[in-house]
Amino acid sequence: ERTAAVIQKVPSNYDTDLFAPMMAKIGHLSGYYYGRSAEKDVSVKVIADHSRAAAFLIGDGALPSNEGRGYVLRRVIRRALRHGRFLGLNRPFLSEVAVAVMHAMEDTYPELLENTNYITRVILHEEERFNNTLDFGLKLLQNEIKRLQDEGAGCIPGALIFKLYDTYG
């Protein structure tokens, strides 16, 4: 990828033709197009990179779980989803970006495209689970902030922050 960036005379891997389909899909879904804001560009890069990782991990037999490579897959998907929220994507979207990955890689990795339905179903299922978990966690956070304000507390306890992060994303 770095070699491609040099040959194509672009500033980063994400500006190469390899990432173009993913970047375009993210722009289409979110309404935000890469290159307009450095802060939002970070989210676009994370989503593009993590959708690719998720497609390959699932294509290689990994499933989201709480251990081993399944845990890595779950964390990759969840991080991409959090960055999607920064772009206003509050619905499942990563499975759609993964399809762009599969098309971009089809010449070299045809097995990804052959397993499109399976890969997208696994991603979509994890997206739906995490969105429900995250929504519940955000409501819990709002309730806890209100309770702490009513009690006159000046900060949120670290144990609560850890629980919200670890359990509710």
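Average accessible surface for the chain: 57 Å² per residue, computed with a 1.4 Å probe over protein heavy atoms with every protein chain in place. Once the C-beta distance of CYS155 and SER12 is scaled by a Förster radius of 41 Å, the resulting FRET efficiency is 0.60 to the nearest 0.05.
Once the Cβ-Cβ distance of THR3 and ASN66 is raised to the sixth power relative to R0 = 41 Å, the FRET efficiency obtained is 0.65. Overall, the accessible surface of the chain at a probe of 1.4 angstrom is composed of carbon and sulfur to the extent of 53 percent.
Over the chain, Cα pairs under 8 Å with separation of 6+ residues give a relative contact order of 19 percent. Full extension of the chain segment joining SER37 with TYR165 gains 43.4 nm, where the gain is 0.36 nm per residue of separation less the Cα-Cα distance. HIS103 exposes around 100 Å² of accessible area when a 1.4 Å probe is run over every protein chain in place. Between the range 124-169 and the range 92-107, the C-alpha centres lie 31 angstrom from each other.
In this structure, GLU128 and LEU148 have a Cβ-Cβ separation that, at R0 = 45 Å, corresponds to a calculated FRET efficiency of about 0.90. Non-local lysine pairs in the chain, meaning eight or more places apart or on different chains, with alpha-carbon distances under 29 Å, amount to 11. Within the range 23-98, the GluC sites (Glu not before Pro) that combine a DSSP coil assignment with at most 16 other C-beta atoms in a 10 angstrom radius are GLU67.
The values are calculated or read from the model by the stated rules, or taken from the named source; none is laboratory data. In this text the structure is predicted, and so the values were computed from the model without any measurement. A quick note on method: Cβ atoms are made from the backbone with ideal geometry, for glycine too, and the neighbour counts reach across all protein chains shown. Just so you know, the surface numbers come from the protein's heavy atoms only, side chains and all, with ligands and any DNA or RNA stripped out. Shrake-Rupley method; radii C 1.70, N 1.55, O 1.52, S 1.80 Å.
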